[in-house]
1. Pairs, please: C-beta under 6 Å, at least 6 apart or cross-chain, first residue modelled with pLDDT of 95 or more and in the range 98-109, second part of a loop (DSSP other than H, G, I, E, B)?
2. Can you tell me which residue among ASP74, ASP106, ASP114 is more than 15 Å from ALA151 (Cα to Cα), within 16 Å of the ligand (Cβ to nearest atom) and among the acidic types (Asp, Glu)?
3. Looking at (1) without any contact (Cβ under 8 Å) to a residue 40 or more places away in the chain; (2) within 11 Å of the ligand (Cβ to nearest atom); (3) in a helix (DSSP H, G or I), find the lone condition where ALA151 falls short.
4. Restricting attention to the range 157-177, which residues are buried (at least 17 other Cβ atoms within 10 Å of the Cβ) and either farther than 22 Å from PHE103 by Cα or more than 13 Å from the ligand (Cβ to nearest atom) (or both)?
5. Surrounded by fewer than 18 Cβ atoms within 10 Å (Cβ to Cβ), more than 14 Å from the ligand (Cβ to nearest atom) and either closer than 21 Å to PRO49 by Cα or not aliphatic (A, V, I, L, M) (or both), is that true of PRO143?
6. What's the number of the condition GLN192 fails, among (1) of a type outside the set (A, V, I, L, M, F, W, C); (2) more than 13 Å from the ligand (Cβ to nearest atom); (3) modelled with pLDDT under 95?
7. Which ones in the range 135-147 are outside any loop (DSSP other than H, G, I, E, B) and closer than 10 Å to ASP114 by Cβ?
Amino acid sequence: MPAAEPARVVETRALSGQPLPALPGATHELRLSLYAFRGSLWTQREIEPAILEAARLLARCGVALAGAELRLLDAPRRFHFYSTPVARELLHGLPVSKPAIFFVDDTLNRPAYDAEAIGLANAATRPELANTVWVAHGARDLPLALAHELAHVLSDSGEHSDEPGNLMRAATSPENTRLSDAQCERLRERGQANGLLAPRP
Ligand SMILES: [Zn+2]
């Protein structure tokens, strides 16, 4: 692996444009680390509402978004594009709290997915990437894509559903928003076991 070039956090912003939903019935809390690159295509104005909308979809599982911080990274331009080796190199020298979402300009992986999630189960050959999500700019149905990928990570499962209207159908679409009770149960259980969700005090 080539020597890591410097990538550093130059600014940390709380997602504070709107208050996070209180969600009184929630049993679990999720804290998200969000990363974007200075000088890239993404803006906080695009990221923030999409994260809040994705959180509303996961709220149906009794999971409340308890916090989200957006960190701006200063890194050479080649890091603005996702590919497995470059992402590994980035995370090799950058301590991040998980689950983490990286907003990248595009993906160079083939097949090229708008968004890609790496759980523990599929991180064996790329351990640095465990519990991360990589989203390309222009991803379709962004809030749904984020919720879908987060559900993969939290439940540590690459499974898709054939159920009509299910969030975990292979293709995201505005009609596919629902998580089943079984999916929610696995998401809470695996999410907590893997330290990605905290039981609500
Ligand atoms: Zn999927």
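1. These pairs meet every condition: LYS98/ASN131; PRO99/ASN131; PRO99/LEU196; PHE103/TRP42; ASP105/SER40; ASP105/LEU41; ASP105/HIS137.
2. Of ASP74, ASP106, ASP114, the one residue that is more than 15 Å from ALA151 (Cα to Cα), within 16 Å of the ligand (Cβ to nearest atom) and among the acidic types (Asp, Glu) is ASP114.
3. Here ALA151 meets the rest and fails (1).
4. Quick first cut of the range 157-177, residues buried (at least 17 other Cβ atoms within 10 Å of the Cβ) only: 157, 161, 166-169, 172, 176-177.
Passing the criteria: SER161, ASN166, ARG169, ASN176, THR177.
5. So PRO143 does not fit the description; no.
6. All conditions pass for GLN192, except number (3).
7. Applying the first criterion (outside any loop (DSSP other than H, G, I, E, B)) to the range 135-147 yields 135-136, 142-147.
Across the range 135-147, the qualifying residues are VAL135, ALA136, LEU142, ALA145.
The values are calculated or read from the model by the stated rules, or taken from the named source; none is laboratory data. Remember, it's a predicted structure, so these values are computed and weren't measured experimentally. Heads up, the Cβs are rebuilt from the backbone with ideal geometry, glycines too, and the neighbour counts pull from every protein chain shown.
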